[in-house]
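K.L.:
Pasting in a structure now, in structure tokens, and then I'll have a few things to ask.
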Amino acid sequence: MEQQPLERFREMEEYREQLEMKHLRSKNHQVLILIVFMLLITTLYMLVVRFPIVYYFSLLAGYLVLILFNITCLAYGSTDTSFYTINKFITSLGVFGIATSMIFIFQSPVFIAGLFIAYAIAAFYQDIKVIIVSDIYLLFTIIMIALNYPQYMAFTTGLAINDMGTFFFIALFLILLTISSYIIIKQKRFLYRQIALSKEGEFRNIDLLIDAKNEATKTKTDELHYYKSVDLFTKAFCEKLSIDNVFSEKIKIMSMLAKNGSFATIQAKYPSYSDDELRRLQDLSLTSHHKLRKIIIKYHQTKELDIKRREMFSEMQLKSFNHTYDSLEIKVLAFSVFYVSLRLGFDLQEPLSSDDVLQTLSSTDFYYVIDSKIMKLFIENHLVFDAIIRDQIEGGLK
């Protein structure tokens, strides 16, 4: 029976998704600026050539609806990222719709290029699904225009070979654009994954420092005294500015959380606070493995380091068994040595069982630093690997 990959580091995947959403939000801003620029250019052109005002208002309505929709999605996307995803599809189709309308309004073959401008705007999102939708829309629209309104294509002759040549050029153009977009998207996702892996390693190192300190010192941070001091400071601060103390209630909640108070107990006393708000306050705790403590440790450890960006990414890429220029044989050999070392153990690691190795390689970041073909082969045949080890090593392993 095929063994499915087990759950991997959730924190790393969440961080990678955060990077993608941040990137998508910036792309939404860029596309919005381009749409406004297209509106200005269209307005200027219609004023110069003195088109009927009714045509101008029809295009203006389309632009304004698209701009308002983008602004709305950007506003709501800060709390629900699904609005960013919806926006990229609706905006891409909207831009194509405006470009198609301009062809029929201006009745000129020049505005066929507007479809390719719309395609370029959709490509800003760097999303393969958006690219596929754009390919289908662009190809379908040009074919329909060529079949039903050939005058808009401005064919100089009626020869069928000219039509075929145009369709061939458009199809080839779309294929090349799609391939180049796919390569860029894959590179982007690889970069995000590498950054997420680096962040995962950083978090685990900080967790190790916290655990080591707790084990070595056997002391706990006097967090309640800290909250009393912060409360006194905020009271004096608000009195100095003659404003209401907006911090007092939150500090009391943080003190309750420090005493291991449950969310239900706190919400019974402060019903206006949701679970998400309580988690954010909990992240400001100075004990355990909460975010504020990790930030303090990170600042303390890295404030005097001067790491160049090039060195950082070079280190991230070298921590891998999946180097681009290594042959498949080299990757297999590296994985085999790594697998045997885990099974046999070494000075800093006790021998692992077959199930432990499977868990380690499929549920940790090692899954991402090994060639996907090798990992798939191992996961599907890990019992065969175990049998080979038992046969070759005298005495077997347990």
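The values are calculated or read from the model by the stated rules, or taken from the named source; none is laboratory data. On a predicted model such as this, the values are computed, not experimentally measured, just so you know. No Cβ is skipped: glycine too gets one built from the backbone with ideal geometry, and neighbour counts run over all protein chains shown.
K.L.:
Being modelled with pLDDT of 75 or more and under 30 Å from TYR367 (Cα atoms) is the requirement here; does ALA171 meet it?
P.N.:
no
K.L.:
List the helices (runs of 4 or more DSSP H) inside the stretch 309-398, counting only whole elements, that have at least 3 residues being farther than 20 Å from LEU197 by Cβ and at pLDDT 70 or above.
P.N.:
By residue number, 328-344, 354-363, 382-392.
K.L.:
Let me ask something additional. So which of ILE105, ILE112, ILE98, ILE132 is touching a Gly at 6+ places or on another chain (Cβ under 6 Å) and either of a type outside the set (Ser, Thr, Tyr) or crowded, with 17+ Cβ neighbours inside 10 Å (or both)?
P.N.:
Going through ILE105, ILE112, ILE98, ILE132 in turn, the sole match is ILE98.
K.L.:
Go over the candidates TYR63, TYR45 one by one and state the one that is surrounded by fewer than 16 Cβ atoms within 10 Å (Cβ to Cβ) and of a type in the set (Phe, Trp, Tyr).
P.N.:
None of the other options fit; the residue is TYR45.
K.L.:
Considering the stretch 237-258 alone, what residues qualify as being of a type in the set (Ser, Thr, Tyr) and in contact (Cβ under 8 Å) with a residue 24 or more places away in the chain?
P.N.:
The one that is of a type in the set (Ser, Thr, Tyr) and in contact (Cβ under 8 Å) with a residue 24 or more places away in the chain: SER255.
K.L.:
Which of the residues belonging to the stretch 206-247 are among the aromatic types (Phe, Trp, Tyr) and assigned to a loop (DSSP other than H, G, I, E, B)?
P.N.:
PHE247 - this is the single residue of the stretch 206-247 that is among the aromatic types (Phe, Trp, Tyr) and assigned to a loop (DSSP other than H, G, I, E, B).
K.L.:
Now, a different point. Pick out the one residue from SER285, SER272 that is in a loop (DSSP other than H, G, I, E, B) and either under 30 Å from the mean Cα position of the chain (by Cα) or in the same structural domain as GLU17 (by TED's automatic domain parsing) (or both).
P.N.:
SER285
K.L.:
Please go through the stretch 80-95 and pick out each residue that is over 14 Å from the mean Cα position of the chain (by Cα) and within 11 Å of ARG25 (Cα to Cα).
P.N.:
Matches in the stretch 80-95: PHE83, ASN87, LYS88.
K.L.:
Being among the small types (Gly, Ala, Ser), loosely packed, with under 13 Cβ neighbours inside 10 Å and either within 30 Å of THR364 (Cβ to Cβ) or touching a strand residue (DSSP E or B) at 6+ places or on another chain (Cβ under 8 Å) (or both), is that true of even one residue in the stretch 268-283?
P.N.:
no
K.L.:
Give the residue, chosen from ASN214, ASN205, ASN245, ASN162, that is on the phi < 0 side of the Ramachandran plot and modelled with pLDDT of 80 or more.
P.N.:
Unique residue meeting the criteria: ASN245.
K.L.:
Can you find a residue in the stretch 62-73 that is over 32 Å from the mean Cα position of the chain (by Cα), β-branched (Val, Ile, Thr) and at negative phi?
P.N.:
no
K.L.:
Is it fair to say THR234 is at pLDDT below 75, farther than 30 Å from ASP371 by Cα and of a type in the set (Ser, Thr, Tyr)?
P.N.:
no
K.L.:
Also: Are there any helices (runs of 4 or more DSSP H) wholly within the stretch 40-155 with 1 or more residues that are in the same structural domain as ILE170 (by TED's automatic domain parsing), modelled with pLDDT of 85 or more and closer than 24 Å to LEU172 by Cα, and if so which?
P.N.:
Per the criteria, 82-106, 113-123, 128-148.
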